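Here's the structure, in structure tokens; my notes come after.
The values are calculated or read from the model by the stated rules, or taken from the named source; none is laboratory data. Note that the structure is a prediction, hence the values are computed from the model and not measured. Backbone-built Cβ (ideal geometry, glycine too); neighbour counts: all protein chains shown. Just so you know, the surface numbers come from the protein's heavy atoms only, side chains and all, with ligands and any DNA or RNA stripped out. Shrake-Rupley method; radii C 1.70, N 1.55, O 1.52, S 1.80 Å.
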Amino acid sequence: MAKTAFLGLGVMGYPMAGHLKKGGHEVTVYNRTTAKAERWANDHGGSYAPTPREAAEGADFVFTCVGNDDDLRAVVLGEDGAFAGMAEGAILVDNTTASAEVARELAALGAERGIGVIDAPVSGGQAGAENGALTVMGGGDSETFGKAAPVIDCFARACVLMGPAGAGQLTKMVNQICIAGLLQGLSEGMNFGQKAGLDMDKVIEVISQGAAQSWQMDNRAATMCAGKFDFGFAVDWMRKDLGIALAEAKGNGARLPVTALVDQFYAQVQARGGRRWDTSSLIQLLSED
Ligand SMILES: NC(=O)c1ccc[n+]([C@@H]2O[C@H](COP(=O)([O-])OP(=O)(O)OC[C@H]3O[C@@H](n4cnc5c(N)ncnc54)[C@H](OP(=O)(O)O)[C@@H]3O)[C@@H](O)[C@H]2O)c1
């Protein structure tokens, strides 16, 4: 069993750290808002530390799951950051959805200190985190990944090494690009069906047996029709992720016309007060016009 630290107890990190503990590992947590770390330690019987450095001291594996690139740098680098507490041979596993650039930056800085780094963004949402059934997309060297994978497995249904540092984040970008266009299509279909006066429960039941089926249709179509968005993956996070993908595409030459358009639709949802609404709230722009 390994000695681990988990930094960032948000919607995702809180249950993920819980699965490490349930998997038999020793877990010390850190959270910027200490009350959450205290609550986690009470719920799970682990310990908490006041800084990332202190949480990471003596750990074989340090997990991070914070918001964006800058948040990640804040918990990993600097005097009180995780790297300052990690010994040579320890491994950082970053579950944040961040840029490939910051993944490569941390991998290079880690290598200077003898610390292995894996970028390991996740897919599967809050439910996947709570059920320990996330999909993990890894980037890094195979030896480091091989050591980290059995520990990551505590909260994963699938965990795959995609290539060198940054490849996990690039794969997550593909995931988000696919979802953006799909959700707009689903919104247009559901809104069209409602305007046509169809029984949408029946529509969803029948077309989800055919070629239009998707995870989003199975899990979101009914709530979209009911106008319920106060759950799930927040629009603010989606805009962050699409921004990362659009910036990466500027460098690699990929054209993302629909992704760029949907990103602008999400900006409209934000302006309507939907920053924490689920990403399926795109339909609201159509149904209320
Ligand atoms: N939610 C999902 O369905 C989902 C699915 C897949 C991937 N993700 C990705 O997973 C990551 C976390 O998402 P989440 O939903 O768990 O977010 P969240 O609930 O907003 O939690 C963010 C966590 O990061 C911490 N944090 C943020 N900025 C920080 C900073 N500068 N220094 C120290 N700690 C900081 C927060 O601490 P405080 O408690 O003090 O604010 C909190 O623990 C994001 O990159 C997101 O895109 C989320």
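Remarks
- Placing pseudo-labels 7 Å out from each Cα toward the beta carbon at A222 and A133 gives an inter-label distance of 1.6 nm.
- Computed over protein heavy atoms with a 1.4 Å probe, the accessible surface of the stretch 26-135 works out to 42 Å² per residue.
- The slack between R276 and M1, meaning 0.36 nm per residue of separation minus the straight C-alpha distance, is 95.3 nm.
- Expressed as a whole percent, the proportion of Cα-Cα pairs in the stretch 161-273 lying more than 23 Å apart is 38%.
- Here the contact order of the stretch 38-161, divided by its residue count and restricted to Cα pairs under 8 Å and six or more residues apart, works out to 19 percent.
- Rolling a 1.4 Å probe over the protein heavy atoms of the stretch 111-177, with every protein chain left in place, gives an accessible area that is 52 percent carbon and sulfur.
- Whole-Å distance, taken between Cα centres, linking the stretch 157-205 and the stretch 16-44: 31
- Acute angle (nearest 10 degrees) that the helix 257-271 long axis makes with the longest principal axis of the chain, alpha-carbon atoms: 90
- The gain in end-to-end length when the L77 to A211 segment is fully stretched comes to 43.5 nm, 0.36 nm per residue minus the alpha carbon separation.
- Exposed-site-free run, longest, the chain (rule: GluC sites (Glu not before Pro); DSSP loop; at most 10 other C-beta within 10 Å): 89-287
- Net length gained if the chain between D43 and K22 were fully extended (0.36 nm per residue, minus Cα distance): 6.4 nm
- What a 1.4 Å probe finds exposed on the stretch 218-286 is 54% carbon and sulfur by accessible area, rounded to a whole percent.
- Diffusion coefficient of the stretch 1-156 by Stokes-Einstein, Kirkwood radius over Cα pairs, 10 °C, 1.306 mPa s: 107 µm²/s.
- Cβ-derived FRET efficiency at R0 45 Å, K250 paired with E288, nearest 0.05: 0.85
- Crossing angle, helix 100-113 versus the chain [Cα axis fit, 0-90 degrees, rounded to tens]: 10
- For G58, the residues whose amide H sits under 5 Å from its own are A87, ignoring neighbours fewer than 5 places away on the same chain, with H placed 1.01 Å from N.
- Residue-level accessible surface for L256, protein heavy atoms, 1.4 Å, Å²: 30
- Base-10 log of normalised Debye intensity for the chain (one unit scatterer per alpha-carbon) at q = 0.10 Å⁻¹: -0.55
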